[in-house]
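The values are calculated or read from the model by the stated rules, or taken from the named source; none is laboratory data. These numbers come from a predicted model, not from an experiment. Cβ placement follows ideal geometry from the backbone for every residue including glycine, while neighbour counts extend to all protein chains displayed.
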Amino acid sequence: MKPLMRRSLLGLLIAAVLGLVFAAYAQPSLMMELSQKLWACF
Amino acid sequence: MNAPATTTTPRLSMFQVLLCGALVVTTSMGIRHGFGLWLQPITMERGWTREAFSFAIAIQNLSWGLAGPLAGMLADRWGAFRVLLIGALCYALGLLGMASASNAALFTAMAGVLTGVAQAGTTYAVVYGVIGRNIDASRRSWAMGVTAAAGSFGQFLMVPVENWLIGHLGWQNALYVLAAAVLAIAPLAFGLREPPLQAGAHGRHQSIGSALREAFGYRSFQLLMAGYFVCGFQVVFIGVHMPSYLKDHGLSPQVATYALALIGLFNVFGTYTAGSLGQRMPKRYLLSGIYALRSVAIVVFLSVPLSPLSVYVFAAVIGFLWLSTVPPTNAVLAQIFGVQHMSMLGGFVFLSHQIGSFLGVWLGGKLYDATGSYDIVWWLAVALGVMAALVNLPVRETAIERREAVPA
């Protein structure tokens, strides 16, 4: 595999993983739970 | 005759060091980042005050900073491998202690002191020593950026994971799972096991006392410590007090949650970028730029009308600058002093960071109570950022000149 293609694939993989984790934060259920826990601290 | 401070012979493969180092830091930094999620379940079940929980976490941060130089000293002397093993074991015991402590004092000892010591033995300073000794200076800053980005990713990843664990398994079982997971650091430590050092393998042998005298008497080391103090102050003040600030200004809790997610996401890009840039430009300018940009970001944030959009933009920018000081600061240390005592010196610089962190959290609360607003602390963070930008400019990045003992 050419280095450029390898780098591109790696970049895509990293972007996909980061996107998935960010999507986890955006789930309404998690968002509400985190928000409540966060607000409860203050 | 002057001896160069940095002469290295790569020994472990770069891929092996990066893979194992990144996974160690991801695990260690990730697990600790979500500890706040246990505040509610633990205080409710045990009947403790929130202050008792917060006190333990504050002690954990101080313990992490205070144990850093010792962990680094041991890692430089015995190898990071042994320190990582002990650190992983302490981490697991600390998490088990968090789950089972029946009184606040025991909880503070386990979640605070022991877990803080464990973090000192399993995070950046120890892993960066291995990177410094095994990766050539031409790629060192980049490699530190990769490892820091992995730690940032761990923080970003573990909040939803830990929240899921608490929700599905209960808070105690979630801690047992994490205690088992953190033991994964032990096999990874084998990948960072360095062959015994040959005498003089990294240039002239230098005793610990001599290294400390040299570093603390060297102006650039003092300046780097001052800068890192500001990093700790700003990051922890914003991380801890920003949700409260947003609440005071009537924003919804979802805005604060999104803001923390954006900080986590952009932190991954920021640390990697800082490491890569450190390879191409003088690190003092990079550090100075990061601190200056933080101050600019805070001033703009305070100046524009507060809205969800302004919060998200600020979170993305400050997230990008969040831990981006870590790779260039540590890479400069290696450049100036060499790698023989790198973990120990990194530990001392990190202690300064943690003192700043402590003051950021404490002063944030103290001044809020005294004045009813965060305004003074925000502007203090701006002023400190300007000061850090200025003090990093005169840092000398060249290897320190040492006089060899001339035989009689």
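Going through (1) of a type outside the set (Lys, Arg); (2) in a helix (DSSP H, G or I); (3) surrounded by 17 or more Cβ atoms within 10 Å (Cβ to Cβ) one by one, B:Ser138 falls short only on (3).
Applying the set (1) within 14 Å of another protein chain (Cβ to nearest Cβ); (2) farther than 20 Å from B:Ala334 by Cβ to B:Thr271 leaves exactly one unmet item: (2).
Contact map, the stretch B:365-394: residues that are outside any helix (DSSP H, G or I) paired with residues that are at pLDDT 90 or above and hydroxyl-bearing (Ser, Thr, Tyr), Cβ distance under 7 Å, separation 6+ or inter-chain. Pairs shown: B:Leu393/B:Ser288.
Condition check ((1) hydroxyl-bearing (Ser, Thr, Tyr); (2) farther than 23 Å from B:Val236 by Cβ; (3) in contact with a Phe, Trp or Tyr (Cβ under 9 Å, 6 or more places away or on another chain)) across all residues:
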residue	(1), (2), (3)
B:Val17	no, yes, no
B:Ser28	yes, no, yes
B:Gly68	no, no, yes
B:Leu89	no, yes, no
B:Met110	no, no, no
B:Val113	no, no, no
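Do we find that B:Gly347 is in contact (Cβ under 8 Å) with a residue 60 or more places away in the chain and not aliphatic (A, V, I, L, M) in this structure? Yes; evaluated as a whole, the condition is true for this residue. Against the test of being away from chain A (no Cβ under 14 Å), in contact with a helix residue (DSSP H, G or I) (Cβ under 6 Å, 6 or more places away or on another chain), among the aliphatic types (A, V, I, L, M) and within 30 Å of B:Tyr258 (Cβ to Cβ), the options B:Ala179, B:Ala148, B:Ala174 yield a single qualifying residue, B:Ala148. Name the residue, out of B:Phe229, B:Phe221, that is within 30 Å of B:Phe55 (Cα to Cα), aromatic (Phe, Trp, Tyr) and in contact (Cβ under 8 Å) with a residue 12 or more places away in the chain. Checking each option against the conditions leaves just B:Phe229. Applying the criterion of being within 19 Å of the chain's Cα centre (by Cα) and closer than 12 Å to B:Ala315 by Cα to the residues of the stretch B:236-255, the residue that is farthest from the other protein chains (Cβ to nearest Cβ) is B:Ile238.
Of the listed requirements (1) at pLDDT 90 or above; (2) closer than 17 Å to B:Val361 by Cα, B:Ala71 misses just one: (2).
Taken over the stretch B:256-267, residues that are facing chain A (nearest Cβ under 9 Å) and without any contact (Cβ under 8 Å) to a residue 60 or more places away in the chain amount to 4. With respect to the conditions (1) polar (S, T, N, Q); (2) touching a Leu at 6+ places or on another chain (Cβ under 7 Å); (3) over 27 Å from B:Leu93 (Cβ atoms), B:Ser138 lacks only one, and its number is (2). For the stretch B:1-120, the helices (runs of 4 or more DSSP H) that sit wholly inside it and include 3 or more residues that are in contact (Cβ under 8 Å) with a residue 24 or more places away in the chain and of a type outside the set (Phe, Trp, Tyr) are B:14-33, B:39-46, B:50-78, B:80-100.
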